[in-house]
1. List the residues whose amide H sits under 5 Å from the amide H of residue 97, counting only those 5 or more places along or on another chain, with H placed 1.01 Å from N in the peptide plane.
2. Of the listed peptides 109-117, 68-76, what is their order by residue-averaged count of other C-beta atoms within 10 Å, with the highest listed first?
3. Taking the Cα centre of the stretch 78-148 as origin, sum charge times position over the Cβ atoms of Lys and Arg (+1) and Asp and Glu (-1), and report the length of that vector in debye to the nearest 20.
4. For the chain, with only Lys/Arg (+1) and Asp/Glu (-1) charged at the beta-carbon, what is the dipole magnitude about the Cα centre, in debye rounded to 20?
5. As a test, work out the antiparallel percent of DSSP beta bridges whose residues both lie in the chain, rounded to the nearest 5.
6. Helix-only estimate, please: 222 nm mean residue ellipticity of the chain, summing -39500 (n - 2.57) across DSSP H runs of length 4 or more and dividing by its residues, to the nearest 500.
7. What pairs from 51/121; 60/86; 39/87; 86/116 go past 28 Å between their alpha carbons?
8. Below 8 Å between Cα atoms, with a sequence gap of 6+, how large is the relative contact order for the chain in percent?
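Derivation of every value follows stated rules applied to the coordinates shown; laboratory data play no part. Because the structure is a prediction, the values reported are computed rather than measured. Heads up, the Cβs are rebuilt from the backbone with ideal geometry, glycines too, and the neighbour counts pull from every protein chain shown.
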Amino acid sequence: MRALVQRVESAEVQINNKKHSKISKGLLIFLGITHNDNKAGAIFLANKVSKLRIFANEEKKMNLSVKDINGEILVVSQFTLYGDSKKGNRPSFVNSAPSNIAVPLYEYFIYLLKEKNFNVKTGIFGENMDIKLINQGPVTIMLESNID
């Protein structure tokens, strides 16, 4: 499981030119799921994301978590995080999990963050979405569960 985490001033999901969800300061998380991912990986990533210290403290050092700043979280499914372009110019997405595996894990990851009392907004799994964001810093971190 991969989570591309961006520190944002704001982020918004639009579907068919209509606002679906929006957050203010917090984290935008693009979540990719592969075939052998499981609930243990979701637990690992939810814990890591909730404690990731990438927000500035009074000394302007990255030492605060999203919880510390009372930030919001926007989670968007992104199968392209498992795109493979080693051969040719068109990426292959065979490493992305099919929806019968990915949807329950995507929903479980969101559930875990909500259980930690975060204000969590989402995209819609499988939809073509437009994402608007202001990446603050910029700060972008790739996390992987590495749990089989």
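1. It is 33, 34, 35, by chain and number.
2. Peptide ranking by packing, descending: 68-76, 109-117.
3. 200
4. That gives the chain a dipole magnitude of about 180 debye.
5. Percent antiparallel among DSSP bridges in the chain is about 75.
6. My calculation for the chain gives -6500 deg cm²/dmol from helical runs alone.
7. With Cα atoms farther than 28 Å apart: 60/86; 39/87; 86/116.
8. Reported as a whole number, the value is 39 percent.
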